[in-house]
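Student: Input: one structure, supplied below.
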Amino acid sequence: MKARLLFYISCLLLLSECLKLPDQAPATMKALVAPDNFDWSVSKPVTIHLSNLPAGVIRISSADESELYMKAMDDGISKEMDLSISLPAYIQQLRINEQLLSINSGSINYSLKTGSYKSININTSLNLNGTNSWVKVAGGATLAFTNKYSMSAWVKASRQQTAKIVQKGDWDGLGLGQDLWNGWQTSVAFSDGTSAVLNWGGGRPVLNQWYHLVGTYDGTILKIYVDGVLKNSVAESKNIRANGRFVSIGSDAGSQKFFQGLLDEVSIWNEAMSINQITTARTIGLTGGESGLKAYWKFNEGSGNTSLDQTISHLDGTNNSISYSTEVGYAQTVDMDGDGVPDSYDDYPLDSQRAFNNYFPVSGYGTLAFEDLWPSKGDFDFNDLVVGYLFNTITNSQNKLVETKANFLVRAIGGSFKNGFGVQLRGTTIPSSEITCSGYNLQEKYITLLPNGLEAQQAKPTFIVFDNAFRILSGNSGTFGVNVQSGETFIPSDTVKIRLNYPINKYTLTQLDQTEINPFLIVNKDRSKEIHLADQPPTSLADISYFGTVNDNSIPSANRYYKSKNNLPWALNIPGNFDYPLEKQDILTAHLKMSSWVQSGGSEYADWYMNQPGYRNQAFLYHH
């Protein structure tokens, strides 16, 4: 009996070993072992090669088009462009001129094809022959409005005619048109079987002259605007007759009333446009992302069989017997500063020396979080110094550098050290002598600068933002540190505004490579003691004799820096806002998915720092 019992116990132990669950993720950083080659980065560089480029603006944005990452201008001659951006690691897709593309192995190689991509050329319109030219837009259910709508278009008629400019449906629909005797008009069919036709009141239009037309209905009043001026209106408190039919541009359903002349910038809205929206559409132009805008065709393809919708509706039209003209509606040619970039895409429409903002990180302020006891381990709360940062490098219409505006703010100080902070432009090929720096906060007199404001005796361009964090985040929020204890007074930070200037029309964003920065902490006013991100090298002024001492396991010959034996870092770089732990709270107890992210080598929970359900223990995070 005893032998049988021992046999059963042995079998159970063996079975339990076979069914043993994977080890639980370590609860603290001290128990964590990271993979050997893990670099602790929650961002990824993305290189982009574009070919077959048209002349015009290139826009790179998020997949949902809510965030604009970068803009550049192509002259249509070189036809190729190389760009690089840094994105949060969890992002797998982006849009180039609204064309959705996947990021494969950190790169995109894309040949833009005329007529098959969302072009932002700046100089074509539709040329309709009045016989069989028109554009058919399917997906009519998306535009089946019942109580409000607007339509707008740039129009240049070459004959007096009765024709449709843009029409949703037929007799049961709504649209803009031209009458042989009464000129411009808008019309709408109502659900009770009645309809309304509203003429502009100006009679026959002047031929071969551009007009901007807008028809609106807000549920009570039908209006027609011409060149931004309300020309006529009529009270009609009825529901619109909803129809799921396609949209015709330049004809009545492709069978009659063909328009002869030029058409440009056609838009359809699910609301009555305000006078401000009408003015913007007429004088600056639309972006495609406006609230209420449901479809928008710019007709900038220049050739091909497709007219591309610039909104997220993606109601692309099919061209029938269409040709293009380089003469366009006024909105597309507005360039107040004369730099060649249309004002609707120019971030500086009144400054010919500036055109585009290029932000890093792309989603707003990033966060650098440090432990400051290196080469000894700290408490892994990563709040000894917390710095917010945002770079904006401004380029001109030639894609050349003008200046970089780099803003820094100290969010927290979790200790007593008077730490400094600097940034080395590790990826740049621009020599230090070609950069001037201003805006730093240096009061402790242990930093030596060159006449141009960069730090002296550095192999790479390096600027020191501040030499004592307590000079930036002044005051005491409680018994220990600043902004790290729960329930104590929050102290707001001053912003240090660094400005980097470059020679005119000499260097590009690629040569600067603002995404390859090497930020570092200067420990307690000791200029020789630096703390960098994992695997980022020290600057020329660091004392490398600290490497390999205490808990540091840096091996410079293997390009291994600022890691412990267990591959743990002393600094983190988050490409967004970071809610850091309270004082003495291990980061793994506050950010619950971070351990799984580390152990997976970054393949899981790349968004571990975000405020997602189950990602955080809010009780261990600093809030104010």
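Student: Given that just one value was derived from the coordinates, which of (i) 88, 71, 51; (ii) 107, 73, 49; (iii) 96, 87, 47 is Cα extents along the principal axes in Å?
Tutor: Only one option fits the structure, namely (iii).
Student: Continuing with this model, one more query. State the answer as a single residue: which of Gln612, Gly415, Gly139 lies farthest towards the positive end of the charge dipole of the chain, with beta carbon charges of +1 for Lys and Arg and -1 for Asp and Glu, about the Cα centre.
Tutor: My answer, from the dipole projection, is Gly139.
Student: At a Cα cut-off below 20 Å, give the aspartates and glutamates reachable from Lys79, other chains included and same-chain residues fewer than 8 away excluded.
Tutor: Straight-line reach from Lys79, under 20 Å: Glu98, Glu301, Asp339.
Student: Report in % the part of the accessible area of the stretch 96-217 that belongs to carbon and sulfur, leaving out ligands and nucleic acids; probe 1.4 Å.
Tutor: 47 percent
Student: Here is a follow-up. For the stretch 288-364 and the stretch 522-571, compute the distance between their C-alpha centroids and round to whole Å.
Tutor: 48 Å
Student: Could you report the stretch 426-485's accessible area per residue, 1.4 Å probe, as an integer in Å²?
Tutor: 44 Å²
Student: Skipping prolines and chain starts, which residues have an amide H placed within reach, meaning under 5 Å, of the one on Leu582, given they are 5 or more residues away or on another chain?
Tutor: Close amide H contacts, sequence-distant or interchain: Leu621, Tyr622.
Student: Using Cα-Cα distances under 8 Å and only pairs 6 or more residues apart, what relative contact order does the stretch 513-583 have, in percent? Spell out each step's value before the answer.
Tutor: Numbers: 91 pairs, mean separation 17.3, N = 71.
Dividing the mean separation by the residue count of the stretch 513-583 yields 24 percent.
Student: Then there's this: Can you give me the % of accessible surface on the stretch 479-588 that is carbon or sulfur? Probe 1.4 Å, all protein chains present, nothing else counted. Walk me through the intermediate numbers first.
Tutor: Numbers: 2070 of 4460 Å².
Ligands and nucleic acids excluded, carbon and sulfur give 47 percent.
Student: Then there's this: What number, rounded to the nearest 500 deg cm²/dmol, is the helix-based mean residue ellipticity at 222 nm of the chain, given -39500 (n - 2.57) per DSSP H run of at least four residues and division by all its residues?
Tutor: -2000 deg cm²/dmol
Student: Compute, for Lys79, the solvent-accessible surface of its heavy atoms (probe 1.4 Å) with the complete set of protein chains present, and express it in square angstrom to the nearest 10.
Tutor: In the full protein context, Lys79 sits at about 80 Å².
Student: How big is the accessible area of Arg499 in square angstrom, nearest 10, if you roll a 1.4 angstrom probe over the protein chains?
Tutor: Answer for Arg499: close to 50 Å² accessible.
Student: Apply the Karplus curve 6.51 cos²θ - 1.76 cosθ + 1.60, θ = phi - 60°, to the phi angles in the stretch 271-281 and return the couplings in whole Hz, x for Gly and Pro.
Tutor: For the stretch 271-281, the Karplus curve yields 8, 7, 4, 7, 5, 5, 5, 5, 4, 4, 4 Hz.
Student: Obtain the nm distance between the two label points defined at Val550 and Val234 by a simple spin-label model: each point lies 7 Å from its Cα along the Cα-to-C-beta direction.
Tutor: 8.4 nm
Student: Mind checking which of Tyr502, Gln458, Thr448 is farthest towards the positive end of the stretch 447-514's charge dipole, using Cβ charges of +1 (Lys, Arg) and -1 (Asp, Glu) about the Cα centre?
Tutor: Farthest along the dipole direction, towards plus: Tyr502.
Student: Taking only protein heavy atoms into account and a 1.4 Å probe, give the accessible area per residue of the stretch 513-589 in Å².
Tutor: Normalised by residue count, the accessible surface of the stretch 513-589 is 35 Å².
Student: Toward the positive end of the charge dipole of the chain, about the Cα centre and with charges on Cβ (Lys, Arg +1; Asp, Glu -1), which of Ser255, Val341, Thr311 goes farthest?
Tutor: Ser255
Student: Here's something else I'd like to know. Calculate, for Ser528 and Ser557, the FRET efficiency according to 1/(1 + (r/R0)^6) with r their C-beta to C-beta distance and R0 22 Å; round to the nearest 0.05. Numbers along the way, then the final one.
Tutor: Values: r = 21 Å, r/R0 = 0.95.
The pair Ser528/Ser557 has a calculated efficiency of 0.60.
Student: While we're on this one: How much FRET efficiency would the formula 1/(1 + (r/R0)^6) give for Ser111 and Glu290, where r is the Cβ-Cβ distance and R0 is 35 Å, rounded to 0.05?
Tutor: 0.70
Student: Leaving ligands and nucleic acids out of the surface, order Thr326, Thr124, Thr283, Thr318 by accessible area at 1.4 Å, largest first.
Tutor: The most accessible residue leads, giving Thr326, Thr318, Thr283, Thr124.
Student: Heads up, I need the accessible area for Ile491: 1.4 angstrom probe, whole protein in place, Å², nearest 10.
Tutor: 30 Å²
Student: Which order do you get for Ile522, Ile322 if you rank them by accessible area with a 1.4 Å probe, largest at the top?
Tutor: Result of the area sort, largest leading: Ile322, Ile522.
Student: Which value, in debye to the nearest 20, gives the size of the charge dipole of the chain about its Cα centre, when Lys and Arg are +1 and Asp and Glu are -1 at the Cβ?
Tutor: That gives the chain a dipole magnitude of about 700 debye.
Student: Could you check how much of the accessible area of the stretch 256-377 is carbon and sulfur, as a whole percent, using a 1.4 Å probe?
Tutor: Numbers: 2040 of 4300 Å².
Carbon-and-sulfur percentage of accessible area, whole number: 47.
Student: When the solvent-accessible surface of protein heavy atoms is calculated with a 1.4 angstrom probe, in what order do Lys136, Lys298 fall, highest first?
Tutor: Per-residue accessible area, sorted high to low, gives Lys136, Lys298.
Student: Please give the per residue accessible area of the stretch 82-237, computed with a probe of 1.4 Å over protein heavy atoms only, in Å².
Tutor: Here the per-residue accessible area is 38 Å².
Student: With +1 on the Cβ of every Lys and Arg and -1 on the Cβ of every Asp and Glu, and nothing else charged, how large is the dipole of the stretch 457-562 about its Cα centre, in debye rounded to the nearest 20?
Tutor: It comes to approximately 340 debye.
Student: I would also like to ask the following. Mind putting a number on the dipole of the stretch 351-503 about its Cα centre? Charges go on the C-beta only, +1 for Lys and Arg and -1 for Asp and Glu, and I need it in Debye to the nearest 20.
Tutor: Working: 12 positive and 13 negative charges, 93 e Å.
Roughly 440 debye, rounded to the nearest 20.
The values are calculated or read from the model by the stated rules, or taken from the named source; none is laboratory data. None of these values were measured; they are calculated from a predicted model. Cβ sites come from the backbone with ideal geometry, for glycine too, and all protein chains shown count toward neighbours. Heads up: the accessible areas ignore ligands, DNA and RNA and are worked out on the full protein's heavy atoms, side chains in. Shrake-Rupley method; radii C 1.70, N 1.55, O 1.52, S 1.80 Å.
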